[in-house]
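Chemist: Dumping the structure here so I can ask a few things about it.
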Amino acid sequence: MKDKNLDFLKKQYLHTPIPEELDSVVKKALKDGSEHRMKRNKLIKRTSVAAVLIVVFAGVLTVGINSSPAFASALEKVPIVGGIVKVLTFKEYTVNEDRFKADIKVPAIEGLENKELQNSLNEKYLAENKKLYEEFMAEMENMKKEEGGYLGVDSGYVVKTDTDRILSIGRYVLTVAGSSSTVFKYDTVDKKEGILITLPSLFKDNSYIEIISENIKDQMRERMKADDGFIYWVDVDENEEFIEPFNKISPNQNFYITEEGKLVISFDKYEVGPGYMGIQEFEIPTEVIADILVSNEYIR
């Protein structure tokens, strides 16, 4: 049965258009190993060739996947052997003109056992980035008619956490049009159970909103006391013009879980302080929330 599977992988690989980077490495590997393989019988030789192809493919794929847009584009035509990569650039939208710049990378998850969840997330990533690109193009055409202004958008992703259990992916959008804004969105997945972890799902009840909010306020005050460069909209007059004081997190506030099992709450630019502060993150001490956690599977 294993030989049939290897033969199938070999045939499928050999009938797939191979990027130039991969082609050169494969040829070298086959040349170097030719004398050794000639000493074996035909069955062993077929198995060795297939194994070399799979190993070389995996190595080149891992190195090249995020370093070359052309390579990433070619991957759309290359069959992926399950589990080789976790997150890759599936598609990229680019615009490079004098007054208009766009670089929009669409992430895709590979290797999740829960294919329904994997497909759902990938479809979401593609849809939201396609919409972002279409909105950029429409705005660009309007600005061209007015013959003025600058428009830029930079969208991509970062893998915040990747352990045997947890995968946390952050997707960001930086927009520049006169001023700039930055938005981050996170998805945290339990790879073993095949579920998307939400902030409410971590806690026994909604008391986490008040408890976490109060801890964040304390951290804000400590940061401002230690460094005059920190300014947070906490303990400010609610009637003060142009400032919306931070009172509490939303039930589904942006968050991710670190490799050490710590909960991190994230705020977008302008959400809790002036624009120069940028994205703001607060790690919540586990002892503060220990009593209201559903379990210590994720947060420790």
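Chemist: Out of all the residues in segment 123-142, is one or more touching a strand residue (DSSP E or B) at 6+ places or on another chain (Cβ under 6 Å) and under 25 Å from THR258 (Cα atoms)?
Modeler: yes
Conditions (1) in contact with an Asp or Glu (Cβ under 8 Å, 6 or more places away or on another chain); (2) of a type in the set (Ser, Thr, Tyr); (3) under 26 Å from GLY261 (Cβ atoms), marked per residue:
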residue: GLY111; (1), (2), (3): no, no, yes
residue: GLY148; (1), (2), (3): no, no, no
residue: TYR157; (1), (2), (3): no, yes, yes
residue: LYS185; (1), (2), (3): no, no, yes
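Chemist: Name the pairs: first residue in segment 173-197 and over 18 Å from LYS124 (Cα atoms) and in contact (Cβ under 8 Å) with a residue 60 or more places away in the chain, second residue polar (S, T, N, Q) and open to solvent by less than 60 Å² (accessible area, probe 1.4 Å), Cβ to Cβ under 6 Å, at least 6 apart or on different chains?
Modeler: That search, which allows pairs on different chains as well, returns SER181/THR175.
Chemist: Okay, next question. If you take the residues in segment 133-152 that are more than 25 Å from the chain's Cα centre (by Cα) and open to solvent by less than 60 Å² (accessible area, probe 1.4 Å), which one is farthest from THR198 (Cα to Cα)?
Modeler: The extreme case among them is GLY148.
Chemist: Is it the case that TYR276 is more than 16 Å from SER207 (Cα to Cα), free of Cβ contacts under 8 Å to residues at least 60 places away in the same chain and among the hydroxyl-bearing types (Ser, Thr, Tyr)? Even if it seems obvious, please write down each step before you answer.
Modeler: Values: more than 16 Å from SER207 (Cα to Cα): yes; free of Cβ contacts under 8 Å to residues at least 60 places away in the same chain: yes; among the hydroxyl-bearing types (Ser, Thr, Tyr): yes.
Taking the combined requirement at face value, the residue satisfies it.
Chemist: When you check ASP164 against the structure, is it closer than 27 Å to LEU293 by Cα and out of contact with any strand residue (DSSP E or B) (no Cβ under 6 Å at 6 or more places or on another chain), yes or no? Before you say what the answer is, go through the steps one by one.
Modeler: Values: closer than 27 Å to LEU293 by Cα: yes; out of contact with any strand residue (DSSP E or B) (no Cβ under 6 Å at 6 or more places or on another chain): yes.
Yes; evaluated as a whole, the condition is true for this residue.
Chemist: Over 21 Å from LYS160 (Cα atoms), of a type in the set (S, T, N, Q) and at pLDDT 95 or above - does that describe any residue in segment 253-260?
Modeler: In the first step, residues of segment 253-260 are kept if they are over 21 Å from LYS160 (Cα atoms); the result is none.
Within segment 253-260, none of the residues are over 21 Å from LYS160 (Cα atoms), of a type in the set (S, T, N, Q) and at pLDDT 95 or above.
Chemist: Same structure again: Determine if segment 284-294 includes at least one residue that is more than 25 Å from LEU196 (Cβ to Cβ) and aliphatic (A, V, I, L, M).
Modeler: For segment 284-294, residues more than 25 Å from LEU196 (Cβ to Cβ) and aliphatic (A, V, I, L, M): absent.
Chemist: So, in segment 153-193, how many residues would count as being assigned to a loop (DSSP other than H, G, I, E, B) and open to solvent by 60 Å² or more (accessible area, probe 1.4 Å)?
Modeler: Going through segment 153-193, the residues assigned to a loop (DSSP other than H, G, I, E, B) turn out to be 163-165, 178, 191-193.
Cutting the leftovers down to open to solvent by 60 Å² or more (accessible area, probe 1.4 Å) gives us 164, 178, 192-193.
Result for segment 153-193: 4.
Chemist: Search segment 96-125 for residues that are assigned to a strand (DSSP E or B) and pair each with any residue that is open to solvent by 10 Å² or more (accessible area, probe 1.4 Å) and basic (Lys, Arg) when their beta-carbon atoms are under 6 Å apart and the residues are at least 6 apart or on different chains.
Modeler: That search, which allows pairs on different chains as well, returns VAL106/LYS91.
Chemist: Just for segment 100-112: of the residues that are among the charged types (D, E, K, R) and at pLDDT 95 or above, which one is least open to solvent (accessible area, probe 1.4 Å)?
Modeler: Initial filter on segment 100-112 (among the charged types (D, E, K, R)): 101, 103, 105, 110.
Add one more test, that the residue is at pLDDT 95 or above, and what stays is 101, 103, 105.
Numbers: LYS101: 74, ASP103: 46, LYS105: 62 Å².
Among those residues, the one meeting the criterion is ASP103.
The values are calculated or read from the model by the stated rules, or taken from the named source; none is laboratory data. As the structure is a prediction and not an experimental result, all values here were calculated from the model. Note that each Cβ is placed from the backbone with ideal geometry, even for glycine, and that neighbours are counted across all protein chains shown. Heads up: the accessible areas ignore ligands, DNA and RNA and are worked out on the full protein's heavy atoms, side chains in. Shrake-Rupley method; radii C 1.70, N 1.55, O 1.52, S 1.80 Å.
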